[in-house]
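Report on one structure; see the data block that follows.
Where a number appears in this text, it was derived from the coordinates with a stated rule and is not lab data. Everything quoted here is computed from the prediction, not taken from an experiment. We place every Cβ from the backbone using ideal geometry, glycine too, and count neighbours over all the protein chains shown.
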Amino acid sequence: MATVSPQRPWSYTLELPHEPHAPAIARVTLRSVLGRHGMAKVAETAELLACELVTNAYVHTNGRCSLRLQGWEDGRLRVSVWDTNPHVPPQFGPEESAPQVHDPDSEAGRGLLLLRLCADNWGGYAYDRHVFGPCGGKTLWFELAPRTAAARYGVTV
């Protein structure tokens, strides 16, 4: 089966309702898109991080969210998640800001720390309701460069 060259820019957007199946649907969609675009090297990390952002959108809002996937000419992948909550977590601030340390026995609170450790770049911005209408909200995003998971985590094979 032929795949599209990762050197050609592309973009997909998936609207997700506020339901518990949204993270799994986002994961399957992301895996399919990355497979078709020859980006299998970043798929596992992208799935983990995208699932964290979509899960956070489900847990911390009462509204829908959207997942946007962008492949850029240089082979980078950007994954963005928009939701209706305008609060941008402090972990999405400048790289110098310290990640929050959570109780090691807690079942929550590690997702955004994982994102900071695994992504090559990340960020977030809020939308002003006065400018963007009643939805407002925020977008959180991350980027992954086209390299193997072993190289990403400094593992020599």
Highest first, please rank the peptides 45-55, 31-41 by the mean number of other Cβ atoms sitting within 10 Å of their residues.
45-55, 31-41
From phi via Karplus (6.51, -1.76, 1.60), per-residue ³J(HN,Hα) for region 31-37 in Hz, x at Gly/Pro
4, 5, 4, 5, x, 5, 9
